[in-house]
1. Would you mind ranking MET27, MET191, MET288 so that the residue whose beta carbon has the fewest other beta carbons within 10 Å leads the list?
2. Please report TRP5, TRP161, TRP244 as a ranked list, fewest other C-beta atoms within 10 angstrom at the top and most at the bottom.
3. List the relative contact order of region 1-133 as a percent without decimals, with contacts defined as Cα pairs under 8 Å and 6+ residues apart.
4. Taking only C-alpha pairs under 8 Å that are 6+ residues apart, what is the relative contact order of the chain in percent?
5. Tell me, which cysteines of the chain are without a disulfide-compatible partner by the Cβ under 4.7 Å rule?
6. Please label the shape of region 5-139 as rounded, prolate or oblate, based on the square roots a ≥ b ≥ c of the eigenvalues of the alpha-carbon gyration tensor (a/c under 1.5 means rounded; beyond that, a/b larger than b/c means prolate, else oblate).
7. With θ taken as phi - 60° and the coefficients 6.51, -1.76 and 1.60, list the Karplus ³J(HN,Hα) couplings across region 440-454 in order, rounded to whole Hz; mark glycine and proline as x.
8. I need the calculated FRET efficiency for the pair ASP256 and MET392, taking r as the beta carbon distance and R₀ as 41 Å, to the nearest 0.05.
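Each reported figure results from applying straightforward, stated rules to the coordinates on display, with no laboratory input. All values reported here derive from a predicted model rather than from experimental measurement. Neighbour counts run over all protein chains shown; Cβ positions are idealised from the backbone, glycine included.
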Amino acid sequence: MERKWQEITVGFVSLGCPKNVVDSERMLAEIAQAGFPITAETDNADVVVVNTCGFIAPAEAESLEAIQHAVDRKLGGAVKKVIVAGCLSERLGPKLLEKVEGVDALVGLNQRDNIAKIIKNIFSYGPNGRGEDSYPGQSLPQVSDRILDDRCRLLITPRHWAYLRISEGCNHRCSFCTIPSIRGRFRSKPMELVIAEAEELVSAGAVELNVIAQDVTFYGHDLKIQIGLPALLREFEKIDALAWLRLMYLYPAGIDNELIETIAGSEKIVHYLDIPIQHVNTKILESMRRPDTKHKLRRLIENLRRAMPDIILRTTLIVGFPGETDRQFEDLMNFVKWARFDALGCFKFYPESGTPAAELPGQIPDEVKQQRLDELMIAQQKIAFAGNRDRMGEKFTCLVDSVDSEGLGRGRYYGQAPDIDSICIIKHCQAEPGQFIEVKVIGTQDYDLLVEQI
């Protein structure tokens, strides 16, 4: 007799980067289509799925904490089954079961679309879902060369914006990074599949698409498409209802004049680029196995600002890389003060197991890393706050993300990416989420802008 799957509730925990968000949305769609009710009450769901991140130590710790919490709820009788999916499953494999006992199934990245079948399987072992064969089941084949189809997603973002993944994996071999070992080599989605997904998202109400990949600039290289990313971007111009297209995670060495001209001449691509440079000292960059130099990075920023004077630049940096001297850190600080990035994220170096950088000599004490991180972020805070003050009285278009019962809205202008950047706080907002409105900056609140509708 077929089990009544509609009686089994599923709670879902999504951790990590926007690429993980896309995977979570695909799994949620599969779960819903199989008839399982999805509940926000993860502490009391019959099944809890934890889609994990395993990029760096803090992400791994957060994932393990979420898994342990779900297992504790299971031991207390509130939850029946716990499934672990995503990057940490891929990275640790069966070793994850030694870190947290009580997990019922491990799901690798390539088994994402089989999540509903896996849930059914763990409820098919004996009267309580366990039999002599006893899970945990392990769906952990090696990462394949195929590219998954991300269409048909149950969005966990607001319906008016979404992430659009154009590739998977990475061919770069940065000495500090675990991503290639987790997600495999770089694979571009066929252009027609990318556009079909974009059209699906836009037809469902998205007016903003945020293009993501491990390296957006590398799109099409494996498909032998000349000027792959510019060619793809021109196709987006044909989607009438798409208003904003945002590019995130651009490898600096992949930004050439053709791409700059394409962005500058577009009616849909916002003048915002997320370009993780990691460092600027040439010796450190060499040790990181990055092809950039301080001179190249400086010239890139100058070229971008010359072509688009209104461009907003976000970057990511690493401090405390093995061998980083006080002088090399000072080199980084001086560059940040010169570049005046609009937004900046900074991480302490973590010696991730299996990466070449973990074995390098000259590992930096954690207290020195923290001191450098604090110093850099204080400098960036001054830059960001000064930039906000310079915007006083400025008028621009704002996309409304939410409005509370008292009419206080939250939205973003083109220079604010969702979930990672500051926001516009809209007083007496008279618009609905997903609408564009004209606003004027009337104040600041830390990193956020206070605006009024005009």
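1. Ordered by Cβ neighbours within 10 Å, fewest first: MET191, MET288, MET27.
2. Final ranking by Cβ density, sparse to dense: TRP5, TRP244, TRP161.
3. Working: 223 pairs, mean separation 30.8, N = 133.
Once normalised by length, the contact order is 23 percent.
4. 9 percent
5. CYS17, CYS53, CYS87, CYS152, CYS170, CYS346, CYS398, CYS424, CYS429
6. rounded
7. My calculation for region 440-454 gives 10, 6, 10, x, 9, 9, 6, 7, 8, 9, 8, 10, 10, 6, 10 Hz in order.
8. Numbers: r = 36 Å, r/R0 = 0.88.
According to the calculation, E is roughly 0.70.
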